[in-house]
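Undergrad: Got a structure here, written out as structure tokens. Questions coming.
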Amino acid sequence: MGLADLSPLSRWGVKGVEVLDWLRREGWWVPNINNRAERMKDGTIVARLADSEVLLLDNPAVRSRRLDGVIAAVLPPKCYPLPRTDSHAWLYLVGASGPDCLAKLCGVDLRLHRFADLAVAQTSLARLSAVIVRDDRSGIPAFHILADSASALYLWDCLMDAMAEFDGRLLGLDDLSGV
């Protein structure tokens, strides 16, 4: 099991009454229901948080910069970008023990048979509001964790403490290229 800080990578939210239709017209795969995600061919994640809000996460293994196009695009009326890079730390927990580790910090059941691949939870993790997206890679369970950037060090410490029981280790971006 390992933990990586993906905060330097691109992540964006887009919000507004027409955002789902607009993203679909632009060629993005948007889930049909809230709290679900889709994985684009390039590995970018599209997580639908609400009927009017989507979270976009760059592929950590490829760093495609595809999200730059969303920022440069002209959004439809009553829609606006949410620069999640400015507001949310992005951590990536990978490994078979991930659900057991997260169970120490979160009341939501994230076990693999209950929290499917590409499921999204908007929950409390270590007493912080967080968005958790399951994103298995190469058959290995993995979880994107986004939380308030002002509390990033606290969350990092909580996750490192929880991982100690499972022989967790730190991961760098280069470690994710095969994941």
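Undergrad: Less than 12 Å Cβ to Cβ from LYS15, Lys/Arg counted +1 and Asp/Glu -1: what total charge do the surrounding residues give?
TA: Here the count lands on 0.
Undergrad: Give the lysines reachable from LYS78 as a straight Cα distance under 19 Å; neighbours fewer than 8 places away on the same chain don't count.
TA: LYS15
Undergrad: Then there's this: List the residues, sorted by chain then number, that are 5 or more residues from LEU82 or on another chain and whose placed amide H is less than 5 Å from its amide H.
TA: GLY13, VAL14, LYS15
Undergrad: Further, regarding this structure: Once you sort the root eigenvalues of the Cα gyration tensor of segment 139-179 as a ≥ b ≥ c, which label holds: rounded (a/c under 1.5), prolate (a/b larger than b/c) or oblate (the other case)?
TA: oblate
Undergrad: Ordered by residue, what ³J(HN,Hα) values in Hz, to whole numbers, does segment 50-62 give under the Karplus form 6.51 cos²θ - 1.76 cosθ + 1.60, where θ = phi - 60° and Gly and Pro are x?
TA: The phi angles translate into 7, 5, 10, 8, 10, 10, 10, 10, 5, 6, x, 7, 10 Hz.
Undergrad: Another one. Given 4 °C and 1.567 mPa s, how large is the Stokes-Einstein diffusion coefficient of the chain in µm²/s, with Rh as the Kirkwood radius over Cα pairs?
TA: 79
No lab work stands behind these numbers, since they all come straight from the coordinates. Since the model is a prediction, treat every value here as computed from it, not as a measurement. In this analysis, Cβ positions are derived from the backbone assuming ideal geometry, glycine residues included, and neighbour counts consider all displayed protein chains.
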